[in-house]
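A quick write-up on the structure given underneath.
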Amino acid sequence: MSSIPRLGPRLIDPRGQRFGAGFSAVVLALTVVYQSPLLVTLVALALGVSSLLGTRTFVFGRPWPTVRRLLRLGPPAYQEPEFGPRFAQALGFAFLATGVVLVVVGVTPIGWLPILAVAGLQATLAATGYCLGCKLYGLSWWLPAQFDRFVLHRDREVGPAA
């Protein structure tokens with residue numbers, strides 16, 4: 001039996017991404033209510049691992065296949081490449097890590113701002129399907145090209161921004 005190599009990026013169910021974003025938004029909201037930098041750190045690690053290893057490792061999205069099966073939902077109307085969501089998760093990780101560092105060193109009010117921003121963006125993705133980080137990934141600029149190079153191990157042409 002021969003194995004046919006996948007030629008393009010891994011395609012994902014965008015509903016699973018929205019589910020995971022909603023789940024993590026709720027957890028991040030609780031971290032703000034309870035002022036828990038430790039819990040923020042765990043969410044940040046989940047985003048960081050997923051951005052490095054692929055969206056299938058995102059712990060907040062792992063329940064989605066079971067939920068989909070229990071609700072008897074069919075296949076998605078479309079699938080999307082996972083590169084944009086992985087880039088968005090890397091940005092989320094960076095913002096959460098920055099927030100945790102600021103909170104831990106005592107810059108508490110300002111430290112919670114990037115955490116709230118990520119919670120808000122995750123909630124927006126869950127509610128509307130709009131992913132700001134995914135949109136930023138689609139632009140031709142330096143940061144997504146570096147993400148491709150160092151995380152995804154692929155080259156990307158960087159041209160003028162659209």
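The values are calculated or read from the model by the stated rules, or taken from the named source; none is laboratory data. Not measured: the values here are computed from a predicted model. Note that each Cβ is placed from the backbone with ideal geometry, even for glycine, and that neighbours are counted across all protein chains shown.
Only residues that are under 14 Å from Gly20 (Cβ atoms) and basic (Lys, Arg) were counted across the stretch 47-74, and they come to 3. The residue that is nearest to His153 (Cα to Cα), among those in the stretch 9-25 that are of a type in the set (Lys, Arg) and more than 12 Å from the chain's Cα centre (by Cα), is Arg10. Check Ala97, Ala77, Ala145 and return the single one that is more than 14 Å from Ala21 (Cα to Cα) and either not aliphatic (A, V, I, L, M) or not in a helix (DSSP H, G or I) (or both). From the options Ala97, Ala77, Ala145, the qualifying one is Ala77. From Thr41, Thr98, Thr108, which residue is more than 30 Å from Trp142 (Cβ to Cβ) and either modelled with pLDDT of 95 or more or touching a Leu at 6+ places or on another chain (Cβ under 9 Å) (or both)? The conditions single out Thr108.
For the stretch 71-92, the set of residues classified as of a type in the set (A, V, I, L, M, F, W, C) and either surrounded by fewer than 17 Cβ atoms within 10 Å (Cβ to Cβ) or over 15 Å from Cys134 (Cβ atoms) (or both) consists of Leu71, Leu73, Ala77, listed by residue number. All conditions in (1) over 11 Å from the mean Cα position of the chain (by Cα); (2) surrounded by fewer than 16 Cβ atoms within 10 Å (Cβ to Cβ) hold for Leu28, with the sole exception of (2). For the residues Leu39, Leu70, the requirement of being in contact with a helix residue (DSSP H, G or I) (Cβ under 9 Å, 6 or more places away or on another chain), free of Cβ contacts under 8 Å to residues at least 60 places away in the same chain and not β-branched (Val, Ile, Thr) singles out Leu39.
For Ala127, the conditions (1) at pLDDT 95 or above; (2) buried (at least 20 other Cβ atoms within 10 Å of the Cβ) are fulfilled apart from (2).
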